[in-house]
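Below is one structure, written out as structure tokens; the observations come after it.
The numbers here are math on the coordinates, done by the rules we state, and not lab data. None of the values given here were measured: they were computed from a predicted structure. Neighbour counts are summed over all protein chains in view; Cβ atoms, including those assigned to glycine, are modelled from backbone coordinates with ideal geometry.
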There are 2 protein chains.
Amino acid sequence: MQQRIASGKDAAQADPAKPAGGGPQIILGIDPSLRGTGYGVIDTAQAIPATLSQGTIRCPADWPLSRCMRKISETLEDILQKTRPTIAAVEGLFYAQNIRTALVMGQARGAALATLARAELDVFEIAPRKVKQAIVGYGAAQKEAVAKMVQTRLALAKLPEPDAADALAIALTYAQSIDSPLPDPSIKPV
Amino acid sequence: MQQRIASGKDAAQADPAKPAGGGPQIILGIDPSLRGTGYGVIDTAQAIPATLSQGTIRCPADWPLSRCMRKISETLEDILQKTRPTIAAVEGLFYAQNIRTALVMGQARGAALATLARAELDVFEIAPRKVKQAIVGYGAAQKEAVAKMVQTRLALAKLPEPDAADALAIALTYAQSIDSPLPDPSIKPV
């Protein structure tokens, strides 16, 4: 037993890319964007994870950027306090059409990451194709297919909104990876 | 006189791009970047503004992104508490070589903006060319020319580090704009 604990600890230290295994986790998934940041928190204690919180942090188009950053940060902090996640996962290297879009998306992501890191949460990023692959079975799945599968997997009464569904899909993908015996190169600390 | 005040007030309400005039300000300038975010705080009460704080928030290359976001946010919060700025200015639409760079720069900027906005600071962004124009006299000035002029204008004993100099130049440019009778389209709320 002592040996198992010790080797588990060593493995976690030696390879930060390997998510911490063993025991249920409360996982916060986030899909950051300026006007609609999706979030979802699941508790993996049961075979069908419990959905503790999910939704979209909306910022109207006429809000200045800094007000959006503030709302994203404050809402996430509120969610952290209410649901006490043990780990967070965000969408990894994501698609941006152009430099302008990349700057805007990057800013929403930076506001989110700063908030998570200040709460001392370990944050992992998961490649978008990996999320679709893990949830729907193929990497080019449509958003609606992801939402429907998330609804089924979490036994939700209603179809989640698209951004919240993406965030829940990220959390579910992370949950699946915990039990995987091998480190997954598409999931890494950020 | 009454008319002037009234119209001044109307103008300020009608045009949020016009910085608040009247009286000295404590201005925080920031030049956000992942590995070296420059900052500088000046107090405009005297003809030669007092430099309350300046420096670079460094994040080593081997730190994960979220740890950098945390350091940027926590250091800025510390600076806000120590120097109590009345306004903040960041570099505006900035140059990014490619989408990857834009994402990284955007994230540092998002971490900074979230921190400023949560402290209820109004934040303005200033076009980079405008800063060089205001400080050195031409928009394509080299970094060292900016640093030397900042040193002179603030009567600093030592040449400021490049990132801190850029941040102080942003603060100085904002200070100049306060006394300008017309709204400057290259300075706008963010």
With respect to the cross-link table entries A:Lys71/A:Lys188; B:Lys82/B:Lys143; A:Lys132/A:Lys188, which display a Cα-Cα separation exceeding 23 Å? A:Lys71/A:Lys188; B:Lys82/B:Lys143
With an 8 Å Cα cut-off and a minimum separation of 6 or more residues, compute the relative contact order for region B:24-189 in percent. 30
Shielding of B:53-64 by other chains, given as the mean Cβ count within 10 Å, works out to 1
Determine the shielding of peptide B:65-76 by partner chains: average, over its residues, the number of Cβ atoms on other chains within 10 angstrom of each Cβ. 6
If each label sits 7 angstrom from Cα along the C-beta direction, how far apart, in nm, is B:Ala45 from its counterparts in the other copies? 5.6
Taking the reciprocal of mean 1/r across every pair of different Cα atoms in chain A, the Kirkwood radius in Å is 16.8
Dipole of the protein assembly as shown [Lys/Arg +1, Asp/Glu -1 at C-beta], most positive-end residue of A:Ala140, B:Leu168, A:Met105: A:Ala140
Mind giving me the FRET efficiency for A:Glu161 and A:Ala61? R0 is 22 Å, r the Cβ-Cβ distance, nearest 0.05 is fine. 0.80
Within 10 Å of each candidate Cβ there may be at most 12 other Cβ atoms; applying that plus a DSSP loop requirement, which chymotrypsin sites (Phe, Trp or Tyr not before Pro) in region A:29-122 survive? A:Tyr95
Along Cα-to-Cβ, 7 Å out, sits the label point; list in nm, shortest first, how far the one on A:Gln81 is from those in the other copies. 1.7
Taking 20 °C and 1.002 mPa s as the conditions, I'd like the Stokes-Einstein D for the protein assembly as shown in µm²/s, using the Kirkwood hydrodynamic radius from alpha carbon pairs. 97
A:Gln97 paired with A:Glu144, simple spin-label distance in nm, labels 7 Å along Cα-to-beta-carbon: 2.1
From the phi angles alone, apply the Karplus equation (6.51, -1.76, 1.60; θ = phi - 60°) to region A:177-184 and give each ³J(HN,Hα) in whole Hz, x where the residue is Gly or Pro. 5, 4, 7, 6, x, 10, x, 9
Cα-based equivalent ellipsoid of region A:70-167: semi-axis lengths in Å, sorted from largest, via gyration tensor: 23, 19, 12
Sort B:23-31, B:133-141, A:26-34 for me by packing, meaning the mean count of neighbouring Cβ atoms within 10 Å per residue, highest on top. A:26-34, B:23-31, B:133-141
What dipole magnitude, in Debye to the nearest 20, does the protein assembly as shown give about its Cα centre under +1 on Lys/Arg Cβ and -1 on Asp/Glu Cβ? 300
The summed charge of the B:Asp31 Cβ neighbourhood (under 9 Å; Lys/Arg +1, Asp/Glu -1) stands at -3
Between A:Ala45 and A:Leu182, what length comes free when the chain is fully extended (0.36 nm per residue of separation minus the Cα-Cα distance, one decimal in nm)? 47.2 nm
Which distances, in nm and shortest first, link the B:Gly137 label point to the same label point in every other copy, taking 7 Å along Cα→Cβ? 7.2
Translational diffusion coefficient, Stokes-Einstein: compute it for region A:33-116 using the Kirkwood radius over C-alpha pairs as Rh, at 20 °C and 1.002 mPa s, and state it as an integer in µm² s⁻¹. 155
